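Visitor: Once you've had a glance at the structure underneath, I'll fire off some questions.
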Amino acid sequence: MTTYKNFVSAHWRKLMAGVAAGVLLTGCAMTPNGRGGVMVGLDTAELFGTPISTFRLRDGTEGTLRKDPQGKYSIKLSQAFRVVPLANAVTARVARVENVGERTVVIVETQERSCAYRYEVLAFQGTDVLQWTVGNCKDRPRVELAADGKSLNIDFPNYRQLSRMIYTDSRLLNASVPVPPGVDTRAQPFADDALRATGPVIATVPDSDGNGGRVIPAPPAAAAPAPAAKPATRATAKSRRQVAQEAPAPAPVRTVPGAPAASAARAPAAMTFQTEEIKPVVIDLRK
């Protein structure tokens, strides 16, 4: 009997040790200490916190935005112990997830105590993370993925121009670009919750409870009918012949031997603009 009790006791201790080890591994997190190292501690967000949302990376693994009992936000990947802290956020949500090139770009919208709109741009590739903080504190940006999936434009209104962040090839470039036709930089909001463009609105329709909510887009402007062509008279025909006779002949085009002939309608040069690279914070979630 004593031998059996000892066996059960030893087995129970091993079982509890395994459970404790599992809890420690699951609830363990490493965070930067601000001096180039990391601090290993209990992951209270994993054990006692609230998961806000989950997103999937290109390689099939998952990341989770969490909030711990003290109200601090962070992001943790399913295959890593180290977390990406969102130190100054008082609220946070995942606004956009796009696969761009070899990385998954996650844009997290946060609010800080003195800033209504702040954005964390995170580019994940395995456990390697690039992090940038952008925003003007008053506008949501419009985010557009290029057709080839190799770049991502993040546009903020800036008076008569757009302040454009361009993510491409693990880099974030900053530039000022002209406002495209049809874009109103004074629109409020400039973008919706999913960081897509908001169109003009003309009215709101009350719902069943009498509260406004649904918006009606402005109808497209009706095209004005083209003015009817006036019939040509003898006087106008004579004046046209007189102008054609008095107009100077076009100057001959000089060609350089061996040079390609110039086209009749030369295409305009592609518009270029200066860009400045924004350096990222590089995080290795394995360390």
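Visitor: Scan the stretch 180-188 and give yes if some residue there is in a strand (DSSP E or B), under 16 Å from residue 136 (Cα atoms) and either touching a Cys at 6+ places or on another chain (Cβ under 8 Å) or not aliphatic (A, V, I, L, M) (or both), otherwise no.
Guide: Looking through the stretch 180-188, none of the residues is in a strand (DSSP E or B), under 16 Å from residue 136 (Cα atoms) and either touching a Cys at 6+ places or on another chain (Cβ under 8 Å) or not aliphatic (A, V, I, L, M) (or both).
Visitor: In the stretch 74-100, which residues are open to solvent by less than 20 Å² (accessible area, probe 1.4 Å) and among the hydroxyl-bearing types (Ser, Thr, Tyr)?
Guide: Scanning the stretch 74-100 gives a single hit, 74.
Visitor: Can you name the residue in the stretch 154-163 that is open to solvent by 40 Å² or more (accessible area, probe 1.4 Å) and not hydroxyl-bearing (Ser, Thr, Tyr) and, of all such residues, is farthest from residue 118 (Cα to Cα)?
Guide: By that ranking, first place goes to 160.
Visitor: Further question on the same structure: Could you check, for the stretch 87-96, whether at least one of its residues is modelled with pLDDT under 95, closer than 29 Å to residue 153 by Cβ and either assigned to a helix (DSSP H, G or I) or of a type in the set (A, V, I, L, M) (or both)?
Guide: Yes, because at least one residue in the stretch 87-96 is modelled with pLDDT under 95, closer than 29 Å to residue 153 by Cβ and either assigned to a helix (DSSP H, G or I) or of a type in the set (A, V, I, L, M) (or both).
Visitor: If I filter the stretch 131-148 down to residues being open to solvent by 20 Å² or more (accessible area, probe 1.4 Å) and assigned to a loop (DSSP other than H, G, I, E, B), which single residue comes out as farthest from residue 172 (Cα to Cα)?
Guide: Going through the stretch 131-148, the residues open to solvent by 20 Å² or more (accessible area, probe 1.4 Å) turn out to be 131, 133, 135-138, 140, 142, 144-148.
Narrowing further to those that are assigned to a loop (DSSP other than H, G, I, E, B): 135-138, 140, 146-148.
Working: 135: 13, 136: 16, 137: 19, 138: 21, 140: 18, 146: 15, 147: 18, 148: 17 Å.
Out of the qualifying residues, it is 138.
Visitor: Going residue by residue through the stretch 110-130, is there one that turns out to be open to solvent by less than 30 Å² (accessible area, probe 1.4 Å), more than 19 Å from the chain's Cα centre (by Cα) and among the β-branched types (Val, Ile, Thr)?
Guide: The answer is yes; a qualifying residue exists.
Visitor: Within the stretch 163-170, is even one residue part of a strand (DSSP E or B) and closer than 21 Å to residue 59 by Cβ?
Guide: Among the residues of the stretch 163-170, at least one is part of a strand (DSSP E or B) and closer than 21 Å to residue 59 by Cβ, which makes the answer yes.
The values are calculated or read from the model by the stated rules, or taken from the named source; none is laboratory data. Just so it is clear, the structure is predicted and the values come from calculations on it, not from any experiment. All Cβ positions, glycine included, derive from the backbone under ideal geometry; neighbour counts span all protein chains shown. Heavy atoms of the whole protein, side chains included, go into the accessibility calculation; ligands, DNA and RNA do not. Shrake-Rupley method; radii C 1.70, N 1.55, O 1.52, S 1.80 Å.
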